[in-house]
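Undergrad: Quick one: the structure is below, and I'll ask about it shortly.
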Amino acid sequence: MNRREVNYAIALCVALTTAAGCGGHASQSMGDLASMPRAATAQGSSWIARNASQGDLLYVGQPDDGAVTIYSFPQGQVVGQLLGLGYVNNLCSDDRGDVWIMASLSSYGSRLYEYAHGGRRITTLIDSLGEGWACGVDPTTGDLAVANEVGGDYRSNVAIYANGSGVPAQYAMPDVDWPFSATYDNVGDLFVGGQVSVYDAGTDWLPRGTYEFKRFKARPNTRTHVGAQWGDKQLTEIAHPELIHRYSIANGKASFLGSMTLDVSRIRNFVVHQRYLIASGGSSIYVFNFPDGGSPTETFAPNYYVSGIALSVRRN
């Protein structure tokens, strides 16, 4: 597996706003994704529109350009670009709308940039424990989890920065050798999905308040899957290439909720939000009805390779 194949791991966190649930925003259709500009040239200086922070923003990583392009969401207008970041591996966002960007260092490790919603850089961290491929933020504490691949030899660890700062605590994983995804549930349990061996994958699980990862052993188990994500009060695992299992998590136990299939086989990461499953692979983003699955209702295909996507939701 080469760098580009593994870099399909995309932290995609998308939310639709409704008048009842998010401070009076009008309801929008996921179909607006199709109207997004195909690309923005990564040149010149970083910039962001003055009023960009007034709405939801989609941050899109362009690793070959060392850039992140910012779109208004769901309108799809380019409202900013962050340049000079290095090779962008992935992105994730938190409940405040802050966005974390992970970029490989030229030597070893990763540089972690935190940006305010529609604003400037807040802080920069250096992760020397490995090369970050996935990240997630604990909604209960603000802790930042960075899932690292170590030295290109199929070993991995997780660095957890308390409240997104300071010196991280390091955790080994018993199962996952190459992380594809990292996600917290609503009570602070951490799930890291990824490659277990050359032809297999799995999920490791760090329950809240514990200090040792466990193997996630839900039944039916999805061994050859490409990642796990929390959304709509459930954990969703996508098997290779189309099968999906859904679980509820309570009191340290997983309960099977059902399965679904997708009519797209090159899925590498995804997010579940309300009635939608949004997935990405290569240079395409697909939107499916959840939990129905089937064919995508929308497809967005920018003309550059996408390494990570995060939605920064405006908070009142």
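The values are calculated or read from the model by the stated rules, or taken from the named source; none is laboratory data. Model, not experiment: these values are computed from the prediction. Note that each Cβ is placed from the backbone with ideal geometry, even for glycine, and that neighbours are counted across all protein chains shown. Protein only, heavy atoms only, side chains kept; ligands, DNA and RNA dropped before computing areas. Shrake-Rupley method; radii C 1.70, N 1.55, O 1.52, S 1.80 Å.
Undergrad: Arrange the peptides 289-296, 75-82 so that the one whose residues have, on average, the most other Cβ atoms within 10 Å appears first. Walk me through the intermediate numbers first.
TA: On the way: 289-296: 15.9, 75-82: 18.4.
Top to bottom by mean Cβ count within 10 Å: 75-82, 289-296.
Undergrad: I want the local charge near TYR113. Using Cβ-Cβ distances under 14 Å, sum +1 for each Lys or Arg and -1 for each Asp or Glu among the other residues. Don't jump to the answer; show the numbers that get you there.
TA: Working: positive: ARG111, ARG120, ARG121; negative: ASP94, ASP98, GLU114, ASP127.
With Lys, Arg at +1 and Asp, Glu at -1, the neighbours total -1.
Undergrad: Would the range 220-311 count as rounded, prolate or oblate if I go by the C-alpha gyration tensor, calling it rounded below 1.5 in a/c and otherwise prolate when a/b exceeds b/c, oblate otherwise? Kindly include the intermediate steps, with their values, before the conclusion.
TA: Details: a/c = 1.82, a/b = 1.77, b/c = 1.03.
Prolate.
Undergrad: Given a Förster distance of 45 Å, report the FRET efficiency between LYS217 and ASN316 from their Cβ-Cβ distance, rounded to the nearest 0.05. Walk me through the numbers before you get to the answer.
TA: Details: r = 41 Å, r/R0 = 0.91.
With R0 = 45 Å, the Cβ-Cβ based efficiency is 0.65.
Undergrad: Further question on the same structure: Per-residue counts of other Cβ atoms within 10 Å, averaged by peptide: what ranking do you get for 275-288, 120-133, highest first? The partial results should precede the final answer.
TA: Numbers: 275-288: 21.1, 120-133: 17.3.
Put in order of decreasing packing, that is 275-288, 120-133.
Undergrad: A follow-up question, please. When Lys and Arg each count +1 and Asp and Glu each count -1, what net charge do the other residues less than 15 Å away from PRO168, Cβ to Cβ, add up to? Provide the component values of the computation, followed by the final result.
TA: On the way: positive: ARG111; negative: GLU114, ASP127, GLU131, ASP138, ASP143.
Neighbourhood net charge equals -4.
Undergrad: Then there's this: Sorted by mean Cβ packing within 10 Å, highest first, what order do the peptides 165-173, 303-311 take? Let's see the in-between values first.
TA: Details: 165-173: 15.2, 303-311: 22.4.
Packing proxy ranking, top to bottom: 303-311, 165-173.
Undergrad: Right, next: If you count only protein heavy atoms and use a 1.4 Å probe, how large is the accessible surface of LYS253, to the nearest 10 Å²?
TA: 150 Å²
Undergrad: Still on this model: Roughly how big is the range 205-316's charge dipole about its Cα centre, with Cβ charges of +1 (Lys, Arg) and -1 (Asp, Glu), in debye to the nearest 20? Could the numbers behind the result be given before it?
TA: Details: 14 positive and 7 negative charges, 110 e Å.
Magnitude of the dipole: close to 520 debye.
Undergrad: Sticking with this one: Go ahead and run the numbers for FRET between SER259 and ASP200, Cβ-Cβ distance against an R0 of 22 Å, rounding to 0.05.
TA: On the way: r = 19 Å, r/R0 = 0.88.
Approximately 0.70, to the nearest 0.05.
Undergrad: Shifting gears a bit: Once neighbouring chains are kept in place and the probe is 1.4 Å, which whole percent of the accessible area of the range 165-316 is contributed by carbon and sulfur? Kindly include the intermediate steps, with their values, before the conclusion.
TA: Working: 2990 of 6420 Å².
Answer for the range 165-316: carbon and sulfur cover 47 percent of the accessible area.
Undergrad: On the full set of protein chains, 1.4 Å probe, figure out the accessible area of PHE213 and give it in Å² to the nearest 10.
TA: Estimated to the nearest 10 Å², PHE213 gives 10 Å².
Undergrad: Ignoring ligands and nucleic acids, what accessible area does THR141 show with a 1.4 Å probe (Å², nearest 10)?
TA: Near enough 60 Å² of accessible area.
Undergrad: Rounded to the nearest 0.05, what FRET efficiency do ASP292 and GLN75 give with R0 = 25 Å and r taken as the Cβ-Cβ distance? Could you check?
TA: Working: r = 26 Å, r/R0 = 1.05.
Taking R0 as 25 Å, the efficiency between ASP292 and GLN75 is 0.40.
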